[in-house]
Amino acid sequence: MHILTAKNLNKTFHENVALHNVDLEIPKQSIFGLLGPNGAGKSTFIRIVNQIINADSGQIQINGENLASKHIGTIGYLPEERGLYKKMKVGDQLLYLAQLKGLSKKEAVQKIKAWLERFEASDWLNKKIEDLSKGMQQKVQFISTVMHEPELIILDEPFSGFDPINASLIKDEILRLREKGSTVIFSTHRMESVEEMCDYIALINKSEKILDGEKSKIKNDFKSNQYSLVHRGNGISTNDTFSLEKKAELGEGLQQSTLKLLSGASSNQLLQELINQKVDIVSFKEDIPSINDIFIQLVKGENQNIPTS
Amino acid sequence: MSKIGLIIKREFDSRVKKKSFLLATILVPLLFPAIIGGMIYFAIEESKNAEQQKVYVLDEAGTFNFENDKKYAFEELNLSLEEAKTIFTESEAYALLYFPEFELANPEGIVMYAKKNPSLQASSYFENQIESQIRDQKLKESGISEKEMEGLKTNISLSTINVSDSGEEKASSAGVAYGIAYAFSFLVYMFVLIYGTQIMQGVIEEKSSKIVEIIVSSVKPFQLMLGKVIGVASVGLLQFAIWVVLIFALSAGVFAMFDLNPADMQTAQESMSGMNGGSNAQAMMENSKAGEILNIVYDIPYAYYISVFAFFFISGYLLYGALFAAVGSAVDNITDAQQFTMPITMPMIIGFLGTFMFVMPEPDGNVSFWLSIIPFTAPVAMMARVAFGVPAWELALSMGLMVIGFVFTIWMAGRIYRIGILMHGTKVNYKTLLKWVKTNS
């Protein structure tokens, strides 16, 4: 079951195409990474889901229903550009935002209390935002995103601007929220930062989706059948099972070789061959590409603006 | 509560709870009566404390005879001019009036010596005294007796009566109409400018604190804009209501304290409370000028004025408030806003100046007509015209265009706003604004 399905989304801003025929399916209770460089169209997609802007054409469904204003309360949104009313008290501010999401005053007050307790912040209730430290403000910001217990939580560049302590706190919260049934969409151009958390990913480049699916499966698909071997001393002679791609001296008599299986061969055959050759093996590991590697591989040559971080 | 209600409430609360609101709301009404009271107080004190000042008169022909009054005591000198001057400079007297011998037909050489520059009031007082004495002398010479002269003195104050088509007569006063025109148009002008700017600041604050994207994920940008415009207006109306009540209460207190024309007030009040049978009081009232003005003030069709005022007050505010909101959404900070606020405040200022230059001197003139019809200047100009009386069809036309005007600016502002609030760091010019208006979101 998918919580969100997008079909054939198109959006153009004054001749700049922001989204071109984008299809997406986001499974329930997953953490979904929406990845791509700056300006790829991620924020446009998110704004359309949040009904801040309308798509030129295409369709979005939430739980099988066409996106409508009643879904505002089902979504929690942390925009990339974020802030709060500086002169408003924490309690008033959260109450206002919760009520805008459709909570009754009574419900909102309860939830705010519970969340502030969770973050050990109960005594902030009557403090103005401007009197809080940056880290505290970030916590309030996060509470404002999730306090109405949305089914779908959308976080645009969630860890930019959060300090490491808050970032890990929020990582834990996100995992907890998924356990409780929420679906989380991460949008980021820093692929390594959310790669570890995502169950599914979609890659967007130049306003088009170029890849999507389960993360482990994608990684599998992009495996190049290469293995890293660290060994001592004598060299390796290749045969019809594998080829030697790279070789490097690690010092203290250690060497690292990158070996590639040739068609049909298995890793056991490779190991067998190495043992037969009396190679002194220290470690043997399959090379699994990172999402970043995959992304670079996919867009190489067509996009100069690839993040290298 | 509906979402727009929540927005209005937040805008209202966040402003009313500010200390500056409390301060302005209390201080402004205190200031007005304090200034008026202060002025009255000093005026009364001055006239109380003012000693009679001595004025020497050296009249070589012996034609003049000055009577002492509250301000001046006259003393005749029968000396030469030089001696008189010495006495004057050594004394504490205010002035020395010197009359050489002169022909009545051609009075020349009259001099007033004073130690410091005499006030305009003082010199015109003496001029009047001398002129009237010379006139009396001339009349005497032409053979008119003193008794006949007494009979010639008249005091006149012109009262004007408006005759309506139905033949009904109503006392009117250009002064009262002018006062009302001034007050109403000034209030509209101030209100729109002060609270329009507040809307703009609010929008810029939301934009620069980056909260706006969170808000518009819950409400439509148009709702947010409208909520802000209405919220700020309700703050303004509350403040305005408090001012009116406080100013009236305090002014009444100040007037009571100085015991100003209690008799006139009393008769006026009596005649007002007993309008039907109080012909006696009515008659009494018409005797005094003050009573007459009170009569006119009482006769003002308040319900009409106030409803017209409310209409232009609110529609003018909506028209300009929406434009201010649009400007706020298009820029990143107050300094960038200036290039766009100019064209908004310009028609406002033109309307205000036009009201003083054209509408007040000539309420039914051509320029006045156009100023009161065009929606951008109408709120100020029409309020001034209403005080002098406006044909019903002109008022209806102006109101109709006003409604079209503010619906149009709100629509246009809404289209700029929904895009503008999400734009950061883009340099915006009029061409971009036009593009936003045309864009479908």
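The values are calculated or read from the model by the stated rules, or taken from the named source; none is laboratory data. For clarity, every value in this text was computed on a predicted model and none was experimentally measured. Every residue, glycine as well, gets a Cβ built from its backbone with ideal geometry; the counts of neighbours run over all protein chains shown.
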- Note on the structure: Note on the stretch A:186-231: residues aromatic (F, W, Y) and touching a Phe, Trp or Tyr at 6+ places or on another chain (Cβ under 6 Å) are A:Y200
- Can you tell me which residue within the stretch A:122-148, out of those that are more than 12 Å from A:V90 (Cα to Cα) and surrounded by fewer than 16 Cβ atoms within 10 Å (Cβ to Cβ), is nearest to the other protein chains (Cβ to nearest Cβ)? A:K134
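Can you find a residue in the stretch B:18-33 that is in contact with an Asp or Glu (Cβ under 6 Å, 6 or more places away or on another chain) and crowded, with 18+ Cβ neighbours inside 10 Å? So that I can check it myself, show each step before the final result.
Going through the stretch B:18-33, the residues in contact with an Asp or Glu (Cβ under 6 Å, 6 or more places away or on another chain) turn out to be none.
The answer is no; no qualifying residue exists.
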- If we scan the stretch B:62-77, do we find a residue that is surrounded by 15 or more Cβ atoms within 10 Å (Cβ to Cβ), basic (K, R) and over 30 Å from B:A325 (Cβ atoms)? yes
- Specify the residue that is nearest to the other protein chains (Cβ to nearest Cβ); the eligible residues are those in the stretch A:9-29 that are in a loop (DSSP other than H, G, I, E, B) and on the phi > 0 side of the Ramachandran plot. A:H14
- Subset of the stretch A:97-118 [in contact with a His (Cβ under 7 Å, 6 or more places away or on another chain) and either facing another protein chain (nearest Cβ under 7 Å) or crowded, with 22+ Cβ neighbours inside 10 Å (or both)]: A:A98, A:K101
- Message: On the basis of being part of a helix (DSSP H, G or I), closer than 30 Å to B:M257 by Cβ and not assigned by TED's automatic domain parsing to the domain that holds B:M257, does B:Q129 make the cut?
- Response: no
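Can you say whether B:I7 is in contact (Cβ under 8 Å) with a residue 24 or more places away in the chain, within 14 Å of chain A (Cβ to nearest Cβ) and either closer than 30 Å to A:E107 by Cβ or out of contact with any Phe, Trp or Tyr (no Cβ under 8 Å at 6 or more places or on another chain) (or both), as far as the supplied structure shows?
Criteria met by B:I7.
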- Item | Single residue of the stretch A:231-262 satisfying the filter (surrounded by 16 or more Cβ atoms within 10 Å (Cβ to Cβ) and not hydroxyl-bearing (S, T, Y)) that is farthest from A:S30 (Cα to Cα) | A:I236
- Task: Answer yes or no: is there a residue in the stretch A:157-176 that is of a type outside the set (G, A, S) and in a strand (DSSP E or B).
- Result: no
- Query: Quick check, is A:G181 on the phi > 0 side of the Ramachandran plot and at pLDDT below 85?
  - Reply: no
- Task: Please determine, by comparing only the residues of the stretch B:204-240 that are within 21 Å of B:N333 (Cα to Cα) and among the hydroxyl-bearing types (S, T, Y), which one is farthest from the other protein chains (Cβ to nearest Cβ).
- Result: B:S208
- Item | Considering residues of the stretch A:1-34 that are crowded, with 16+ Cβ neighbours inside 10 Å and under 15 Å from B:N440 (Cβ atoms) only, the residue modelled with the lowest pLDDT | A:A18
- Select the strands (runs of 3 or more DSSP E) contained entirely in the stretch A:217-290, then report the ones holding at least 1 residues which are among the charged types (D, E, K, R), in contact (Cβ under 8 Å) with a residue 12 or more places away in the chain and under 30 Å from A:E192 (Cα atoms). A:242-251, A:254-261, A:280-286
- Segments classed as helices (runs of 4 or more DSSP H), wholly inside the stretch B:368-441, with at least 2 members that are among the aliphatic types (A, V, I, L, M), buried (at least 16 other Cβ atoms within 10 Å of the Cβ) and touching a residue at least 12 places away in the same chain (Cβ under 8 Å): B:378-388, B:392-420
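To keep it simple, each residue is scored yes or no on (1) without any contact (Cβ under 8 Å) to a residue 24 or more places away in the chain; (2) closer than 30 Å to B:Q239 by Cα.
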residue	(1), (2)
B:L27	yes, yes
B:A43	yes, no
B:K54	no, no
B:E60	no, no
B:T63	no, no
B:E75	yes, no
B:T89	no, no
B:L96	no, no
B:Q121	yes, no
- Message: Being more than 7 Å from chain B (Cβ to nearest Cβ) and either in contact (Cβ under 8 Å) with a residue 60 or more places away in the chain or at positive phi (or both) is the filter here; which residues of the stretch A:45-74 pass it?
- Response: A:F45, A:I46, A:V49, A:Q51, A:G58, A:I62, A:N63, A:G64, A:G73, A:T74
- Query: Failed condition for A:E107, given (1) among the charged types (D, E, K, R); (2) farther than 27 Å from A:S43 by Cβ; (3) touching a residue at least 12 places away in the same chain (Cβ under 8 Å), with all others met?
  - Reply: (3)
- Message: Regarding the stretch A:165-187, can at least one residue be identified that is more than 16 Å from A:I112 (Cβ to Cβ), out of contact with any strand residue (DSSP E or B) (no Cβ under 8 Å at 6 or more places or on another chain) and aromatic (F, W, Y)?
- Response: no
- Item | Residue selected from the stretch A:76-96 under the condition in contact with a Ser or Thr (Cβ under 9 Å, 6 or more places away or on another chain), more than 7 Å from chain B (Cβ to nearest Cβ) and among the aliphatic types (A, V, I, L, M), by the criterion surrounded by the fewest Cβ atoms within 10 Å (Cβ to Cβ) | A:L78
